[in-house]
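Chemist: Handing you this structure, nothing more for now.
The values are calculated or read from the model by the stated rules, or taken from the named source; none is laboratory data. This is a predicted model, so every value here is computed, not measured. Methodologically, a virtual Cβ is constructed for each residue, glycine included, from the backbone with ideal geometry; neighbour enumeration extends over all protein chains shown.
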Ligand code: FE
């Protein structure tokens, strides 16, 4: 198997949300697609480890919100790297409630689709939900959608373990360059702190070793503290 071939598949990034009774749930996904045109249907592939699976099953509906390219890392951190089981992701998020009762995230998003579940396809690790379009809207005509490639290259994001596209990193062996500053990886979200690049968005200039980061520095993707980082 050639792992590099997987990196050539293109994806967008979306917030998938659902509700059952008074529980709202949502997560960041790259696997959301339109699968038929008339009637319009959409599919999402959702890890069984993901709390939202149970909510979609019971609520029988989901919404897909398309993230915009310049969305905040914070919204990805909130929806992508925490579980709705123990976090109220919607508390500080602007959303509307759809006809199905599913919440629809509008913060940092450019369009949305609300679907009623028609069918579930059970796989070993994931469930694919196929839903018929109930309603949709365009929020921002001008903004570009966030693609997975952009997220990876520019925002330095990585797929969390539950993502269908998560790829376990191969061990890199003993070939580390002597004298090079160490790269540290966030144990929660997989973000890599590269000392050469620093974290300029948060006031850390390029060339800052991990050890010299202020104690209150946080992972720019998921908000984890320095203690949650380990050396690559
Ligand atoms: Fe993180």
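Chemist: Of all residues in the range 183-232, count the ones that are farther than 22 Å from residue 163 by Cα and surrounded by 14 or more Cβ atoms within 10 Å (Cβ to Cβ).
Modeler: 13
Chemist: Of all residues in the range 134-160, which are at pLDDT 75 or above and within 16 Å of the ligand (Cβ to nearest atom)?
Modeler: 151, 152
Chemist: Condition first: within 13 Å of the ligand (Cβ to nearest atom), in a loop (DSSP other than H, G, I, E, B) and in contact with a strand residue (DSSP E or B) (Cβ under 8 Å, 6 or more places away or on another chain). Now tell me which residues in the range 208-223 satisfy that.
Modeler: Within the range 208-223, 217, 219, 220, 221, 222 qualify.
Chemist: Can you pull out every residue in the range 52-67 that is crowded, with 19+ Cβ neighbours inside 10 Å and either out of contact with any strand residue (DSSP E or B) (no Cβ under 6 Å at 6 or more places or on another chain) or in a strand (DSSP E or B) (or both)?
Modeler: Across the range 52-67, the qualifying residues are 61, 62, 63, 64, 65, 66, 67.
Chemist: Surrounded by fewer than 15 Cβ atoms within 10 Å (Cβ to Cβ), within 22 Å of residue 224 (Cβ to Cβ) and touching a strand residue (DSSP E or B) at 6+ places or on another chain (Cβ under 8 Å) - does that describe any residue in the range 135-144?
Modeler: no
Chemist: Go through the range 76-88 and give me each residue that's within 16 Å of the ligand (Cβ to nearest atom) and either within 22 Å of residue 134 (Cα to Cα) or surrounded by 21 or more Cβ atoms within 10 Å (Cβ to Cβ) (or both).
Modeler: 76, 77, 78, 79, 80, 81
Chemist: Looking only at the range 181-207, which residues are in contact (Cβ under 8 Å) with a residue 40 or more places away in the chain, in a loop (DSSP other than H, G, I, E, B), within 14 Å of the ligand (Cβ to nearest atom) and touching a strand residue (DSSP E or B) at 6+ places or on another chain (Cβ under 9 Å)?
Modeler: Selection gives 183, 187.
Chemist: Where in the range 81-130 are there strands (runs of 3 or more DSSP E), lying fully within it, with 1 or more residues that are in contact (Cβ under 8 Å) with a residue 24 or more places away in the chain and within 16 Å of the chain's Cα centre (by Cα)?
Modeler: Output list reads 103-105, 109-122.
Chemist: When you go through (1) in contact (Cβ under 8 Å) with a residue 40 or more places away in the chain; (2) part of a loop (DSSP other than H, G, I, E, B); (3) within 17 Å of residue 160 (Cβ to Cβ) one by one for residue 70, which number turns out not to apply?
Modeler: For residue 70, the failing item is (3).
Chemist: Could you list, in sequence order, the residues of the range 13-46 that are part of a strand (DSSP E or B) and touching a helix residue (DSSP H, G or I) at 6+ places or on another chain (Cβ under 7 Å)?
Modeler: 15, 16, 18, 19, 20, 23, 25, 26, 27, 28, 46
Chemist: In this structure, is residue 163 more than 12 Å from the ligand (Cβ to nearest atom), surrounded by 13 or more Cβ atoms within 10 Å (Cβ to Cβ), under 30 Å from residue 11 (Cβ atoms) and modelled with pLDDT of 85 or more?
Modeler: So residue 163 fails the test.
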